[in-house]
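The values are calculated or read from the model by the stated rules, or taken from the named source; none is laboratory data. Predicted model, so just to flag it, every value in this text is computed and none were measured. Accessible surface areas use protein heavy atoms only, side chains included; no ligands, DNA or RNA. Shrake-Rupley method; radii C 1.70, N 1.55, O 1.52, S 1.80 Å.
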Amino acid sequence: MNIEPLLDALDLQEDAASALAENLRTQIDELQDRLREAETHLEHLAITRKTVTALADRLPTQTALPDLPEHPDYPRILAVFNEATSPLRARDVCQALDHELLLKNIEGTRAKLKRLVKLGILPEIETGNFTRKP
């Protein structure tokens, strides 16, 4: 009985199994590296969460503004006042919003400013002079 062909087939299977095992070892090494990176990232996130949580108690509480009326100018008006260093008149706000300085635009802006005063968002320190709350 000639077992040479059987041994050759066995050699082929051993070579294939050896190559497969080596390929799997390489994949395991790569996966272990990725796992270490993911675990390190998770540790960093846990540290960040702990730090943010600890600092959150030290942050000043922000008072929520009342809901603004439905018009795109209101947030823009508040942004103008956040950058202002002195009281503003309706004309100044109109100019800062890049509206044409027409009477109808100035009066419309004045009406919006008066509404913000009524809502308690902006104070009117003198007639026609508006400022942000201190």
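Quick notes on this structure:
- Here the contact order of the chain, divided by its residue count and restricted to Cα pairs under 8 Å and six or more residues apart, works out to 16 percent.
- Solvent-accessible area, 1.4 Å probe, carbon plus sulfur percent, for the chain: 56
- Helices in the chain, meaning DSSP H runs of at least 4 residues, each add -39500 (n - 2.57). Divided by all residues, the mean residue ellipticity at 222 nm is -22500 deg cm²/dmol.
- Using all pairs of distinct alpha-carbon atoms, the Kirkwood hydrodynamic radius of the chain works out to 21.6 angstrom.
- Helix 73-83 axis, angle to the chain major axis (alpha carbon atoms, nearest 10°): 90
- Protein heavy-atom accessible surface, 1.4 Å probe, per residue over the chain: 81 Å².
- The largest accessible area among Glu100, Glu4 belongs to the first residue in Glu100, Glu4, and the rest follow in falling order (1.4 Å probe, all chains).
- Counted over all Cα-Cα pairs of the stretch 70-125, pairs farther apart than 16 Å make up 34 percent.
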